[in-house]
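Q: Let me give you the structure first, and then I'll get to my questions.
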Amino acid sequence: MEDYEIHTIDVATASDEDWAKFHSFRRKRMLEVLPDDPVEDDLSVQEWERTMLDENYVKVFIVTQKDRPDTVVASLRMDAKKETSPSYVGNKHNLVTRLAVLKEHRGKGIAKTLLKLVHGFALEKGRSVILGGTMEDDGRKLNRILGGTEALEMRNYRLNINDIDWKMVEQWEKEGKERSPDTTLEFHTSIPEDILERYTKKYSEVFNQAPFDDLDIGDQIYTPELFRKYEEVAKKMGQTWLTVLLREKNGDISGLSDVIYMPSRAPLLEQFLTGVDQNYRGQGKGKWVKAAMLLRIREEFPDVKVVTTGNAKSNAPMIAINERLGFKLHHETFNMQIETEKLGQYLKGQQ
């Protein structure tokens, strides 16, 4: 590490110079791991990063070369839920990290030095488990060396709009309506006030019903206040957060799916959560919301050519629907975890 320096970036007060360094590294990393993907615009990233401060204690570090101070070769981002976060109770024990070193600068002690910062922050915030993720063999190897475990394998799927069997999609939508004639399908770019509390409760339930395998995380709670804040940020950044939901006669929200359209990420569009309430499964509602969303994407976002979504490898029902639609596996992300105590023991042994 004698050839490198570590700098702190305060997300709340970062200068334009600091952000420029941060974004320069972000683009280099995208070229290493997802070279064909469009990169999200800088201002949107900054706005979302600042928004996360409401719920999280956030620490960001960058590593530069001493003889080239404008050249960032590594970064570390850590966040821990604040006591005031709705999701704190289930996640007060964990620390989420994102550590990356450019390939040509690996093997020089940078990761080990940054891991000392991770361990120190985990102790400071009283977190007993450290979470991270990687798409690369080097990251998986480091996790094994540390003594960590791979707790959740996520699969990213891509669907080329030109490959979609639109007749099948239209049939799925038709069948959904026929099988549930008393169910209403709605689209929203802002959740109506009269159902906002009910919707955010259902969104949280559906999110937490998804399989997380052995990953040591608790329930993620989405409140009306958080949703409104996220909607405001998306609108401010010129993004469209589109939701489709199914509403039953008794008022229940039985199914939902949401996507976010970012102009800077086109022709790629990201699909987030898709799910059906456990009490309403087996009625084709998952296929219905998937089909309805694809039809709306075709109509509303003509520059979108590829839809991307992620699922746990163990989520067989949703993967089956996606594969029938034509989604193809693009890459895998391995979510890892290690106890803070075990990381400390490793670092102590390296002194």
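The values are calculated or read from the model by the stated rules, or taken from the named source; none is laboratory data. If you're wondering where the values come from, they're calculated on a predicted model, not measured in any experiment. A quick note on method: Cβ atoms are made from the backbone with ideal geometry, for glycine too, and the neighbour counts reach across all protein chains shown.
Residues checked against (1) within 20 Å of K103 (Cβ to Cβ); (2) of a type in the set (S, T, N, Q); (3) at pLDDT 95 or above:
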site: S15; (1), (2), (3): no, yes, yes
site: K21; (1), (2), (3): yes, no, yes
site: E32; (1), (2), (3): yes, no, yes
site: P35; (1), (2), (3): yes, no, yes
site: V39; (1), (2), (3): yes, no, yes
site: E49; (1), (2), (3): no, no, yes
site: N56; (1), (2), (3): no, yes, yes
site: F61; (1), (2), (3): yes, no, yes
site: V72; (1), (2), (3): yes, no, yes
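Q: May I pose another question? So, K287, is that one touching a residue at least 12 places away in the same chain (Cβ under 8 Å), in a loop (DSSP other than H, G, I, E, B), over 20 Å from the mean Cα position of the chain (by Cα) and assigned by TED's automatic domain parsing to the domain that holds R324 or not?
A: Working: touching a residue at least 12 places away in the same chain (Cβ under 8 Å): yes; in a loop (DSSP other than H, G, I, E, B): no; over 20 Å from the mean Cα position of the chain (by Cα): yes; assigned by TED's automatic domain parsing to the domain that holds R324: yes.
In short, no.
Q: I would also like to ask the following. May I ask you to list pairs of residues, at least six apart or on different chains, whose Cβ atoms are under 7 Å apart, with the first in segment 233-244 being more than 20 Å from E186 (Cβ to Cβ) and among the β-branched types (V, I, T) and the second being surrounded by fewer than 21 Cβ atoms within 10 Å (Cβ to Cβ) and at pLDDT 95 or above?
A: V233/E47; V233/W48; V233/T51
Q: Name the residue that is surrounded by the fewest Cβ atoms within 10 Å (Cβ to Cβ), counting only residues in segment 164-194 that are touching a Pro at 6+ places or on another chain (Cβ under 9 Å) and touching a residue at least 40 places away in the same chain (Cβ under 8 Å). It would help to see each step written out before you state the result.
A: Narrowing segment 164-194 to residues touching a Pro at 6+ places or on another chain (Cβ under 9 Å): 186, 191, 193.
Then keep just the ones that are touching a residue at least 40 places away in the same chain (Cβ under 8 Å); that gives 186, 191.
On the way: E186: 15, I191: 22.
Top of the filtered list is E186.
Q: Between A100, A74, which is under 23 Å from N156 (Cα atoms) and among the small types (G, A, S)?
A: Numbers: A74 fails: under 23 Å from N156 (Cα atoms).
Just a single option satisfies the conditions, and that option is A100.
Q: Related question: How many residues does segment 221-239 contain that are buried (at least 16 other Cβ atoms within 10 Å of the Cβ) and more than 23 Å from L43 (Cα to Cα)?
A: So the count comes out to 3.
Q: Now for a separate question. Name the residue, out of E104, E124, that is out of contact with any helix residue (DSSP H, G or I) (no Cβ under 7 Å at 6 or more places or on another chain), under 20 Å from V73 (Cβ atoms) and acidic (D, E).
A: On the way: E124 fails: under 20 Å from V73 (Cβ atoms).
None of the other options fit; the residue is E104.
Q: Within segment 206-239, how many residues are closer than 16 Å to E49 by Cα and of a type in the set (S, T, N, Q)?
A: Result for segment 206-239: 1.
Q: Restricting segment 116-145 to residues that are crowded, with 19+ Cβ neighbours inside 10 Å, hydrophobic (A, V, I, L, M, F, W, C) and touching a residue at least 40 places away in the same chain (Cβ under 8 Å), which is nearest to E32 (Cα to Cα)?
A: It comes out as L131.
Q: Further question on the same structure: Under the condition of being touching a Pro at 6+ places or on another chain (Cβ under 8 Å) and among the β-branched types (V, I, T), which residue from segment 219-270 is farthest from P192 (Cα to Cα)?
A: Selected residue: I221.
Q: Read through the list (1) surrounded by fewer than 16 Cβ atoms within 10 Å (Cβ to Cβ); (2) out of contact with any helix residue (DSSP H, G or I) (no Cβ under 6 Å at 6 or more places or on another chain), then give the number of the only condition that L242 fails.
A: Status for L242: all satisfied but (1).
Q: Let me ask something else about it. Please give the number of the condition G344 fails out of (1) more than 24 Å from D165 (Cα to Cα); (2) assigned by TED's automatic domain parsing to the domain that holds E270; (3) of a type outside the set (D, E).
A: It is condition (2) that G344 fails.
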